[in-house]
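These notes concern the structure reproduced below.
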Amino acid sequence: MTYLGCTKLERVIYVGAEAVVGLGYYLGTRAIYKLRIPKPYRDPSLDKLIRSERTLNESRILINSRRLNVNVPKLLLVDVTTSLIIMEYIEGKLLRDVLNTLDMSEVIRISYIVGKQVGTLHKNSIVHGDLTTSNMILGRDGNVYLIDFGLSKYSNDLEDYGVDIHLFMRSLESVHHRLKDVILGHFLKGYEDVVGKEFREEVEDKVREIRLRGRYVEERRRR
């Protein structure tokens, strides 16, 4: 995890199936380094192509999201040949770790903001792909930032939007169970204020369909 301009790499903060993420500095600015790692089981040329395309896709979506005024990290450098993205470090805490400790008024404010942010993405055909409170940061400035767009994509498929919301709901049920109804209600209000009532209802119908499918599969497994 060294790169021209990297004056100091403090530590590796995450090792995932697809990428290694490190915290350090780039040209004097505190930065996050995300390096997609080679897969030994893939043909080397195919592997490089896949990693390069995913790096390029993630970078484009981050750039377009910022143009839409969605709070995401600012890109500092993209190197498609090495599948490396360097982006700004957001000062703050994961929403997953703090949401349950906040005053109710702050929970409501944050939930509404997140809903508007996700609504803006969906209205512009962007799907996050891993929409959980683990991939949101409550910044020191009070803003909520969406992070980790590694599974993001462009889509006009209602199913993809429904999966995004379904994943968010599951994260609420598992980590923020006590607050889930309040969070979801204000999230959907913010979402509707961007996409409109009709589109929100269509997405909610799709979410119900996805959840029913999941329950059916789970019941079949138990038999």
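When only Cα pairs under 8 Å and 6 or more residues apart are kept, what is the percent relative contact order across the stretch 92-222?
33
Explain nothing, just the number: relative contact order of the chain, from Cα pairs under 8 Å at least 6 residues apart, as a whole percent.
17
Enumerate the amide H contacts of ILE37 below 5 Å, restricted to partners 5 or more residues apart or on another chain; note that Pro and chain-start residues carry no placed amide H.
Under 5 Å from the amide H of ILE37: ALA19, VAL20.
Take the Cβ-Cβ distance between ARG109 and LYS39 as r, set R0 to 35 Å, and report the resulting FRET efficiency rounded to the nearest 0.05.
Calculated value: 0.25.
For the chain, how many pairs of lysine residues have a Cα-Cα distance under 15 Å, where the two are 8 or more positions apart or belong to different chains?
Number of lysine pairs found: 11.
How high is the FRET efficiency between GLU173 and ASN57 when r is their beta carbon distance and R₀ equals 30 Å, given to the nearest 0.05?
Result of the calculation: an efficiency of 0.50.
Taking DSSP loops as anything outside H, G, I, E and B, show the longest stretch in the chain free of GluC sites (Glu not before Pro) there with at most 16 other beta carbons within 10 Å.
92-223
By its C-alpha gyration tensor, with a ≥ b ≥ c as the square roots of the eigenvalues, how is the stretch 8-88 shaped: rounded for a/c under 1.5, else prolate for a/b larger than b/c, else oblate?
oblate
Can you tell which of THR81, THR101, THR133 shows the greatest fluctuation in a Gaussian network model of the chain with Cα springs below 10 Å?
THR101
If the stretch 92-222 were replaced by its equivalent ellipsoid, with semi-axes equal to the square roots of 5 times the Cα gyration tensor eigenvalues, what would those be, largest first, whole Å?
They are 23, 18, 14 Å, listed largest first.
Send over the Kirkwood Rh of the stretch 65-107, from the inverse of the averaged 1/r over different Cα pairs, rounded to one decimal Å.
Every distinct Cα pair counted, the radius reaches 13.1 Å.
Taking the chain as the region of interest, what is the percent of Cα-Cα pairs per 5 angstrom bin, listed from the shortest bin to the one with the maximum distance?
1, 7, 13, 17, 17, 16, 13, 9, 5, 2, 0, 0
About the Cα centre, and with charges only on the beta carbon of Lys, Arg (+1) and Asp, Glu (-1), how big is the dipole of the stretch 64-218? Nearest 20 debye, please. Walk me through the numbers before you get to the answer.
Numbers: 21 positive and 24 negative charges, 34 e Å.
Dipole of the stretch 64-218, to the nearest 20 debye: 160 debye.
Every read-out reported here was derived from the displayed coordinates using simple, explicitly stated rules and does not represent laboratory data. Quick caveat, the model's predicted, so the values are computed rather than measured. Reconstructed Cβ throughout: ideal geometry from the backbone, glycine too, with neighbour counts over all protein chains shown.
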